[in-house]
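To start, the structure under review is shown below, and the notes come after it.
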Amino acid sequence: MNKNTNIPTQKLPLQGAGGARLIIVLGAAESGVGAAYLAQQQGYEVFVSDFGAIDGHYRKQLQDWNIRFEEGGHTDEEILKATEVIKSPGIPDKAPIVKKIKEKGIPILSEIEFAGRYCDAKIIGITGSNGKTTTTSLTYSILKNAGLNVGLAGNIGKSFAYQVATEKFDHYVLELSSFMLDDMYEFKTDIAVLLNITPDHLDRYDYKLENYAASKFRITQNQTADDVFIYCADDPETIKGMAGRKFTALQLPFSINKKIEQGAYLEKDNIVINTHQQHFEMSITELALQGKHNIYNSMASGIVAKVLELRNETIRESMATFKNIEHRLESVGKISGISFINDSKATNVNSTWYALESMTTEVVLILGGVDKGNDYSMLKDLVRQKVKAIVCLGKDNQRIHDAFEDDVEIIVNTYSAQEAATVAYHLATKGDTVLLSPACASFDLFKNYEDRGNQFKQAVKEL
């Protein structure tokens, strides 16, 4: 692989305790470039290294900021001089360069961990296998509508580190993935939200659910009695994981199955939230986000809002008018009475289960991509009840055929978003829904899930 090193003529060997303090940033996308900017601002010498090609937008930013970088490979001798390494969450621990850094005993941390050192805002951290982005976006929307000076970051929006360097927010709502949490040690959330734990990314966790769950519970580390932990009392893996752990924060669970004294529950068709002397109620029929999973998401966001003692009218209005994020059960349009829905963000089986659970018509389901060790058995009942045909969208679809050949009469292979949309359209009839909810990652045929969703939407427009 050809390596391209960009070294501006002006190199700044900034001195700190014990000599030059060198921060190496691995990965030059939103997270890494933001971290590099903050590190430079804080007086570090900075070098950014990306094994692949750097996107033009990020390359220009690094050049404009006079930050040294390389792409198309890693220079070991440069990287192993680091005081600390900030690693992109997408780089696995088994990557050769990461192994070398660990062997040398150089600390590796996440962008969130690093930026947290320079941030005194109140932090609301949200994690879970499913619903993270929706709940983070909804929570941010409620806080912003309430007039709070709030930032949105983590797995969504602009880099947390870049915002810490350039903004002065009083609150941050952070979407935190397990990969981010893995490299967080001193960082503390004032309000931690754990939505659920279901098998996902197990390829990064030795195919052990308990390892993945341990990563999720890191969101509660360093919390004190002044902090809050919000979790789903109906989620078996969360409850199982809590059994062997100690929590010092105030616990506020939510449930749709049982009454909760302090937290949130469902009474008839009303969400009821009680925290301290705060009380809130809202009919689920008024929620902008419909479906069982969105009742959970709304409960979690609502508890955060009441912990912050926001006005009920603001919470109610925000929950009633919120527009969901792109690529999450996004309505693309209707053609010949057939509805098209883009749920490309469903990159695991559980997300697809939630999508199917919310469907009220017969479905032509577009599934497939990079299978992360998926167990499709949980989808079988819903597929039998609601799915008339499956359109596979991926390079290798054999596991989908094996999983559903006894449940669906028609399973078709396709190899592009355009082909998938066209085939699904012909298999559907008036009143049906064509649902792109792949249950898999997108990297076999697409850049990412956004690219997959955008190509699908374009294909639908061209039908």
Query raised in the report: How much area per residue is accessible in the chain when the probe is 1.4 Å and only protein heavy atoms are counted (Å²)?
Result: 43 Å²
Query - Antiparallel content of DSSP bridges confined to region 175-324, in %, to 5 - result: 50 percent
Requested in this report: Write down the radius of gyration of region 66-195 and its Dmax, each obtained from C-alpha positions, in Å.
Outcome: 16.1, 50
Query - Beta bridges by DSSP in the chain, antiparallel share as percent, to the nearest 5 - result: 30 percent
Query - Sorted peptide list for 314-324, 118-128, 448-458, 96-106, criterion being average Cβ within 10 angstrom, highest first - result: 118-128, 448-458, 314-324, 96-106
Report summary line: With bins of 5 Å, the percent of all Cα-Cα pairs of region 339-402 per bin from 0 is 4, 16, 32, 31, 14, 3, 0
Report task. Go ahead and collect, in residue order, the members of region 349-371 whose backbone nitrogen is under 20 Å from a label point 7 Å along the Cα-Cβ direction of Gln385. Result -> 349-367
**Report entry** Estimated distance in nm for a label pair at His276 and Tyr415, the labels positioned 7 Å out from Cα along Cα-to-Cβ
**Finding:** 6.0 nm
Query raised in the report: Which is farthest toward the positive dipole end of region 232-356 among Asn342, Asn294, Ala233, measuring Cα position about the Cα centre, with Cβ charges +1 (Lys, Arg) and -1 (Asp, Glu)?
Result: Ala233
Report summary line: Output for region 355-413: GluC sites (Glu not before Pro) sitting in coil per DSSP, at most 13 other Cβ within 10 Å, listed by number, reads Glu405, Glu409
Query raised in the report: Given a Förster distance of 35 angstrom, what is the FRET efficiency for Thr321 paired with Glu462, based on the Cβ-Cβ distance and rounded to 0.05?
Result: 0.65
Query - Taking all pairs of distinct alpha-carbon atoms in the chain, Kirkwood radius in angstrom - result: 23.4 Å
Report summary line: Two pseudo-spin positions, 7 Å from Cα along C-beta at Asp269 and at Ala53, lie apart in nanometres by 5.4 nm
**Report entry** Set Lys144/Lys386; Lys246/Lys268; Lys216/Lys292; Lys246/Lys306; Lys99/Lys208; Lys208/Lys395 screened for pairs whose C-alpha atoms are more than 29 Å apart
**Finding:** Lys144/Lys386; Lys246/Lys268
Report summary line: Expressed in angstrom, Rg and Dmax over the Cα atoms of region 282-363 are 14.5, 48
Query raised in the report: Relative to a virtual label point 7 Å from the Cα of Lys81 in the Cα→beta-carbon direction, which members of region 47-65 show backbone nitrogen distances below 18 Å?
Result: 47-50
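The values are calculated or read from the model by the stated rules, or taken from the named source; none is laboratory data. Computed from a prediction, not measured in an experiment: that's the story for all the values here. FYI the Cβ positions are ideal-geometry reconstructions off the backbone, even for glycines, and counts take in every protein chain you see. Heavy atoms of the whole protein, side chains included, go into the accessibility calculation; ligands, DNA and RNA do not. Shrake-Rupley method; radii C 1.70, N 1.55, O 1.52, S 1.80 Å.
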